[in-house]
Amino acid sequence: MPPLIQSSADLAEAAARLEAGSGPIAIDTERASGFRYSGRAYLIQLRREGAGTVLVDPIPIEDLTPLRRALSGPEWILHAASQDLPCLEELDLRPTRLFDTELAARLCNFEKVGLASITEQLLGFRLEKQHSAADWSSRPLPHDWLVYAALDVELLVELRDRLAAELDEQGKTAWAEAEFEHVRTAGPPKPRKEPWRRTSGIHKVRGAKALGRVRAVWEARDDLARKLDRAPGKVLPDAAIVESATADPTDFAELMGLPGFRRRGGRANARLWLAALAEARTVPSEDLPSTTPPQDGPPATHRWADRDPVAAERLAAAREAVAEVAQKHHLPAENLIAPALVRGLAWEPPKQASEPRVREVLAEGGAREWQIELLAQRLAKALEG
């Protein structure tokens, strides 16, 4: 086991070893998303030929410049890179080249693409996964957690090489490179509209006033969770928000009568929840949330047959075309083209569903050139009926 690096001096020495190594650098991070509000990295694992494995605790180290310098230039290998890149970006660590082993496995049409599964399939080693949901923000980090974390990069270079060979054999190397670059440059996802509507159990809440109470308590919880850097569900469970929206308690006794508020977070912050509910009662009717969630894109597909039967037929034809091309090239349909892009194209097709126009729409929607080449003609025919 390599020692855990927690000082600037040790980081400088480890970074020098990484710089002196050869080939790509395997990288992984451990976060505490189930325990903390932020998505920050609480551990960074790295491995490179000639340098061995390096475990970095980024919390006590103020200046990561030596690591930044060591990582600029070599290809990064990550598994499910979109999960790790945001927390690395937060530390000003950015790849110039990327190889995503999960995405590569998807493009090779492996059925199971988790790190443990694909490592066992291709390399014959079984990885331990019992600490994946641990609270990595806790300190000190136990030895067996560090062993688990180090194993996640132990075989990543070999896995990359096996997958690269498989991509080459299937004639998909150029496709994979385009997908890796898309992930590398994608940036953060757009913020959700009205994120409070994702409260678990909100389907039980009826009426605009009650939804306004969900919004008020959810926003109060979110502000507090951000300040405390605690996962919102640890501050107050979703079930309690739904209970308060339904019952609309006006004092401490009524609030404590609701099961979800009897826990520590509910009781300790009772004034905050009651204030949020009181404020919700003062919201003018025109400012209350709509009982129908705002539509961002086409409606749910199960409603298409009633709302627009012709669009439903277009969607069925488009999906069939995608499925046929995906099967021909041994690809998962969702990696051949984003399903949301197909739905949008079928719901609002271009006035002239010619192949050139479909190409334009696909490109505007973020499809890569290889995807457009495979699909544009078939989708144009499907939209024409």
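The values are calculated or read from the model by the stated rules, or taken from the named source; none is laboratory data. Given the structure is predicted, the values throughout are model-derived calculations rather than measurements. Heads up, the Cβs are rebuilt from the backbone with ideal geometry, glycines too, and the neighbour counts pull from every protein chain shown. Just the protein is used for accessible areas: all its heavy atoms, side chains included, with ligands, DNA and RNA removed. Shrake-Rupley method; radii C 1.70, N 1.55, O 1.52, S 1.80 Å.
Here's the yes/no breakdown for (1) among the charged types (D, E, K, R); (2) within 31 Å of the chain's Cα centre (by Cα); (3) open to solvent by less than 80 Å² (accessible area, probe 1.4 Å):
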site	(1), (2), (3)
THR282	no, no, no
THR301	no, yes, yes
GLU320	yes, yes, no
HIS330	no, yes, no
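Residues that are within 16 Å of LEU156 (Cα to Cα), part of a helix (DSSP H, G or I) and touching a strand residue (DSSP E or B) at 6+ places or on another chain (Cβ under 6 Å) within the stretch 82-104 comprise just one, ASP84.
All told, THR29 falls short of being more than 30 Å from ALA326 (Cβ to Cβ) and over 19 Å from the mean Cα position of the chain (by Cα). Considering LEU362, LEU375, the condition of being open to solvent by less than 50 Å² (accessible area, probe 1.4 Å), at pLDDT 95 or above and under 14 Å from GLU320 (Cβ atoms) is satisfied by LEU375 alone.
Considering only the stretch 130-143, I want to know if a residue exists there that is under 22 Å from GLY39 (Cβ atoms) and outside any loop (DSSP other than H, G, I, E, B). Scanning the stretch 130-143, I find no residue that is under 22 Å from GLY39 (Cβ atoms) and outside any loop (DSSP other than H, G, I, E, B), so the answer is no.
Evaluated against (1) at pLDDT 95 or above; (2) open to solvent by 60 Å² or more (accessible area, probe 1.4 Å); (3) charged (D, E, K, R), ASP222 falls short on exactly one condition, (2). Can you tell me which residues in the stretch 251-277 are of a type outside the set (A, V, I, L, M, F, W, C), open to solvent by 70 Å² or more (accessible area, probe 1.4 Å), in a helix (DSSP H, G or I) and farther than 22 Å from LYS209 by Cβ? Hits for the stretch 251-277 are PRO259, ARG264, ARG267.
Take the residues in the stretch 175-208 that are among the β-branched types (Val, Ile, Thr) and either surrounded by 11 or more Cβ atoms within 10 Å (Cβ to Cβ) or touching a helix residue (DSSP H, G or I) at 6+ places or on another chain (Cβ under 9 Å) (or both), then tell me which one is nearest to ARG281 (Cα to Cα).
Filtering the stretch 175-208 for residues among the β-branched types (Val, Ile, Thr) gives 183, 185, 199, 202, 205.
From what is left, the residues that are either surrounded by 11 or more Cβ atoms within 10 Å (Cβ to Cβ) or touching a helix residue (DSSP H, G or I) at 6+ places or on another chain (Cβ under 9 Å) (or both) are 183, 199, 202, 205.
Details: VAL183: 44, THR199: 20, ILE202: 18, VAL205: 16 Å.
Among those residues, the one meeting the criterion is VAL205.
Of all residues in the stretch 8-19, those that are open to solvent by 40 Å² or more (accessible area, probe 1.4 Å) and over 14 Å from GLY50 (Cβ atoms) total 5.
Each row is one residue, and each column tells you yes or no for (1) open to solvent by 60 Å² or more (accessible area, probe 1.4 Å); (2) in a loop (DSSP other than H, G, I, E, B).
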{"residue": "ALA216", "(1), (2)": "no, no"}
{"residue": "ARG230", "(1), (2)": "yes, yes"}
{"residue": "GLU243", "(1), (2)": "no, no"}
{"residue": "PRO249", "(1), (2)": "no, yes"}
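For the stretch 215-259, the set of residues classified as more than 15 Å from PHE35 (Cα to Cα) and in contact (Cβ under 8 Å) with a residue 40 or more places away in the chain consists of ARG215, ALA216, VAL217, GLU219, ALA220, ILE241, VAL242, ALA245, THR246, listed by residue number. Part of a helix (DSSP H, G or I) and within 22 Å of the chain's Cα centre (by Cα), is that true of ALA225? Against the criterion (part of a helix (DSSP H, G or I) and within 22 Å of the chain's Cα centre (by Cα)), ALA225 qualifies. Among the residues of the stretch 161-175, those that are closer than 20 Å to GLN121 by Cα and of a type in the set (A, V, I, L, M, F, W, C) comprise LEU163, ALA164, ALA165, LEU167.
Mind listing whichever residues of the stretch 20-50 are surrounded by fewer than 18 Cβ atoms within 10 Å (Cβ to Cβ) and over 20 Å from TRP145 (Cα atoms)?
Initial filter on the stretch 20-50 (surrounded by fewer than 18 Cβ atoms within 10 Å (Cβ to Cβ)): 20, 22-23, 33-34, 38-39, 49-50.
Once the filter is applied, which keeps residues that are surrounded by fewer than 18 Cβ atoms within 10 Å (Cβ to Cβ) and over 20 Å from TRP145 (Cα atoms), the stretch 20-50 yields ALA20, SER22, GLY23, SER38, GLU49, GLY50.
Residues that are polar (S, T, N, Q) and within 14 Å of GLY366 (Cα to Cα) within the stretch 161-199 comprise just one, THR185.
Being outside any helix (DSSP H, G or I), modelled with pLDDT of 95 or more and of a type in the set (D, E, K, R) is a condition met by no residue of the stretch 4-23. Looking only at residues of the stretch 128-174 that are under 22 Å from the mean Cα position of the chain (by Cα) and among the polar types (S, T, N, Q), we find that the one that is most open to solvent (accessible area, probe 1.4 Å) is GLN130.
Select the helices (runs of 4 or more DSSP H) contained entirely in the stretch 285-385, then report the ones holding at least 2 residues which are closer than 23 Å to GLU194 by Cα.
339-347
As a summary of the residue check, ALA32 satisfies the conditions (1) at pLDDT 95 or above; (2) within 17 Å of GLU89 (Cβ to Cβ) except for the one numbered (2).
Mind checking which residues of the stretch 318-358 are of a type in the set (S, T, N, Q) and at pLDDT below 95? GLN352, SER354, listed by residue number.
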